[in-house]
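First up is the structure itself, then whatever we jot down about it.
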Ligand code: CTP
Ligand code: MG
């Protein structure tokens, strides 16, 4: 009945979670997504963060082919809102395989969120969804760069210093209008390290929203130690 829907204008949102990497830089015996921080896997933390944001309807996870059954088991507590697919040989192909399992047009907004950014706060998820719902074809969370960044040649000799003021470090979830992310992945562009990079090659605008330090990507043992000591205790508080 009109007027009874408390969120009449809420878009339908699906989140794709590439989690099929090995985690070679972390050096753990299991894929990085299954590594636990205070007894909860990065995978479960990333998925619950998305669902708890209150704006995500469904999550599709790309798993390493030899850990498919284990991923299904870890995600069983989330019930029917999660689907697991087998991922690919690189991040882009894992995203593409997950996207292929989502019917075109079924959702208004498609998020892509690294399992390795398991502590991304709900406020970042909501800001990205709101920007795409507001008309942005693509939106990414970013932070100012705090280090000075230099360009070097093959011998390691500095050839330029970048203007740090115009640089941003990019996080996930990245958000896209459904048709835009599909066109970007169908175009056969060179592999990019993020999905917005493909959208840029399409010539579409990519806008930004403020990221958050807690959305850091867990790549190394040092990052995992930060998660154990700082991020997980914050979530448990
Ligand atoms: N990813 C994926 N499929 C791949 C490679 C990576 O789904 N074939 C995912 C990872 O699981 C991760 C995200 O992409 O959630 C970002 O990648 P990264 O942090 O590099 O993770 P890994 O590739 O697992 O780590 P490494 O590069 O150290 O092996
Ligand atoms: Mg990788």
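The values are calculated or read from the model by the stated rules, or taken from the named source; none is laboratory data. This one's a predicted model, so the numbers in the text were calculated from it and none came from an experiment. Neighbour counts run over all protein chains shown; Cβ positions are idealised from the backbone, glycine included.
Just one of the numbered conditions (1) more than 10 Å from ligand 1 (Cβ to nearest atom); (2) touching a helix residue (DSSP H, G or I) at 6+ places or on another chain (Cβ under 7 Å) is not true of residue 18: (1). A residue that is more than 13 Å from ligand 1 (Cβ to nearest atom) and farther than 27 Å from residue 22 by Cβ occurs nowhere in segment 82-89. The lone criterion from (1) surrounded by fewer than 21 Cβ atoms within 10 Å (Cβ to Cβ); (2) touching a residue at least 12 places away in the same chain (Cβ under 8 Å); (3) under 15 Å from the mean Cα position of the chain (by Cα) left unmet by residue 25 is number (3). Consider residue 151 carefully, then state whether it is over 22 Å from residue 32 (Cβ atoms) and touching a strand residue (DSSP E or B) at 6+ places or on another chain (Cβ under 6 Å). Considered against the rule, which asks whether it is over 22 Å from residue 32 (Cβ atoms) and touching a strand residue (DSSP E or B) at 6+ places or on another chain (Cβ under 6 Å), residue 151 comes out as yes. The set of residues from segment 103-123 being away from ligand 1 (no atom under 16 Å from the Cβ) and either within 11 Å of the chain's Cα centre (by Cα) or assigned to a helix (DSSP H, G or I) (or both) comprises 122, 123. Take the conditions part of a helix (DSSP H, G or I) and away from ligand 1 (no atom under 15 Å from the Cβ) and apply them to residue 96. Does it pass? So residue 96 fails the test.
Of all the listed residues (58, 19, 44), the sole one being within 16 Å of ligand 2 (Cβ to nearest atom) and either buried (at least 16 other Cβ atoms within 10 Å of the Cβ) or in contact (Cβ under 8 Å) with a residue 12 or more places away in the chain (or both) is 19.
Screening segment 189-221 for residues that are loosely packed, with under 13 Cβ neighbours inside 10 Å and closer than 27 Å to residue 24 by Cα and picking the one that is nearest to ligand 1 (Cβ to nearest atom) gives 193. For residue 153, the stated conditions do not hold, so it cannot be described as surrounded by 15 or more Cβ atoms within 10 Å (Cβ to Cβ) and more than 13 Å from residue 212 (Cβ to Cβ).
So that you can scan it fast, the table gives a plain yes or no per residue for (1) within 21 Å of residue 194 (Cβ to Cβ); (2) at pLDDT below 95; (3) away from ligand 1 (no atom under 13 Å from the Cβ):
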position	(1), (2), (3)
2	no, yes, yes
8	no, yes, yes
25	yes, no, no
36	no, no, yes
53	yes, no, yes
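The condition (being buried (at least 17 other Cβ atoms within 10 Å of the Cβ), away from ligand 2 (no atom under 16 Å from the Cβ) and within 23 Å of residue 40 (Cα to Cα)) is satisfied by just one residue among 124, 112: 124.
Residue count for segment 76-91, restricted to those that are buried (at least 20 other Cβ atoms within 10 Å of the Cβ), closer than 24 Å to residue 126 by Cα and either within 16 Å of ligand 2 (Cβ to nearest atom) or more than 17 Å from the chain's Cα centre (by Cα) (or both): 1.
Look at (1) modelled with pLDDT under 95; (2) farther than 26 Å from residue 192 by Cβ and you find that residue 90 fails only one, number (2).
Residues that are surrounded by fewer than 21 Cβ atoms within 10 Å (Cβ to Cβ) and in contact (Cβ under 8 Å) with a residue 24 or more places away in the chain within segment 92-101 comprise 97, 101, listed in sequence order.
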